[in-house]
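Have a look at the structure below, then the notes.
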Ligand code: DC
């Protein structure tokens with residue numbers, strides 16, 4: 001199936017499988033995949049390592065702002081992984097420690113502006129699929145295709161648990177579920193660009209779907225929307 005040069009926004013709560021779907025779309029249609037959450041996670045790791053946020057999530061806003069203004073070379077490498085300078089931070093940014101502080105960091109307006117600038121730059125050539133919380137509503141409100149992914153809470157918690165376990169962490173299910181709940185609340189209640197479904201987004205509930213069914217669903221949506229016959 002030939003897909004036109006469009007921007008595809010994939011939004012939803014944590015653990016709904018947005019990034020898995022977005023990566024599949026990228027592979028299937030030869031799109032560039034951009035994980036906006038990875039940039040929020042990168043800023044969070046940077047803040048933690050440099051003392052701009054403490055264990056109770058108190059943020060030194062002035063210090064962090066000055067550091068970002070000075071320039072933080074946070075980017076995606078040609079291997080698709082996340083880097084600060086030439087240091088790959090992919091493993092660190094997926095830890096529960098970073099997950100526990102990323103939502104508070106993502107509420108900070110100058111952090112969002114910093115990440116949005118990078119996303120606009122990385123996505124400037126189109127033919128890109130980007131996943132996050134506010135891609136279809138704020139970052140690329142003119143995206144030609146918007147997908148809002150939802151899944152049952154217990155399915156989401158199990159997915160996050162399996163993901164952490166596969167990475168060699170020792171997750172406790174109650175902690176994983178609590179972290180998801182807290183992030184849902186913060187992500188959807190913050191003042192700047194909270195998580196919400198764009199009115200023109202297609203909703204995908206993938207609780208009981210496998211990856212093949214998800215991509216078939218996506219193909220159907222694209223065919224319907226762009227009048228593609230096969
Ligand atoms: O998708 P993720 O779990 O890696 O995202 C990590 C956090 O980053 C999430 O809790 C909220 C924030 N985020 C955001 O506020 N806006 C986005 N577009 C992407 C992520």
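Here, each number is a calculation from the coordinates, and none is a lab measurement. Note that this is a predicted model, so its numbers are computed, not measured. We place every Cβ from the backbone using ideal geometry, glycine too, and count neighbours over all the protein chains shown.
Below, the figures for the structure above:
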item: Residue list for region 97-150, filter: farther than 20 Å from residue 192 by Cα, assigned to a helix (DSSP H, G or I) and touching a residue at least 60 places away in the same chain (Cβ under 8 Å); result: 122
item: Counted residues, region 1-15 - those being more than 9 Å from the ligand (Cβ to nearest atom) and either closer than 18 Å to residue 115 by Cα or in contact with a helix residue (DSSP H, G or I) (Cβ under 7 Å, 6 or more places away or on another chain) (or both); result: 7
item: Single unsatisfied condition, residue 23 versus (1) within 19 Å of residue 134 (Cβ to Cβ); (2) within 16 Å of the ligand (Cβ to nearest atom); (3) surrounded by fewer than 20 Cβ atoms within 10 Å (Cβ to Cβ); result: (1)
item: The lone exception for residue 64 - which of (1) more than 12 Å from the ligand (Cβ to nearest atom); (2) under 23 Å from residue 131 (Cβ atoms); (3) in contact with a strand residue (DSSP E or B) (Cβ under 9 Å, 6 or more places away or on another chain); (4) not in a loop (DSSP other than H, G, I, E, B) it fails; result: (2)
item: Odd one out for residue 169 among (1) within 21 Å of residue 103 (Cα to Cα); (2) in a helix (DSSP H, G or I); result: (2)
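This table checks each residue for (1) touching a residue at least 60 places away in the same chain (Cβ under 8 Å); (2) surrounded by fewer than 19 Cβ atoms within 10 Å (Cβ to Cβ); (3) touching a helix residue (DSSP H, G or I) at 6+ places or on another chain (Cβ under 6 Å).
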residue: 32; (1), (2), (3): yes, yes, no
residue: 41; (1), (2), (3): yes, no, yes
residue: 49; (1), (2), (3): no, yes, no
residue: 52; (1), (2), (3): no, no, yes
residue: 57; (1), (2), (3): no, yes, yes
residue: 69; (1), (2), (3): no, yes, no
residue: 75; (1), (2), (3): no, yes, no
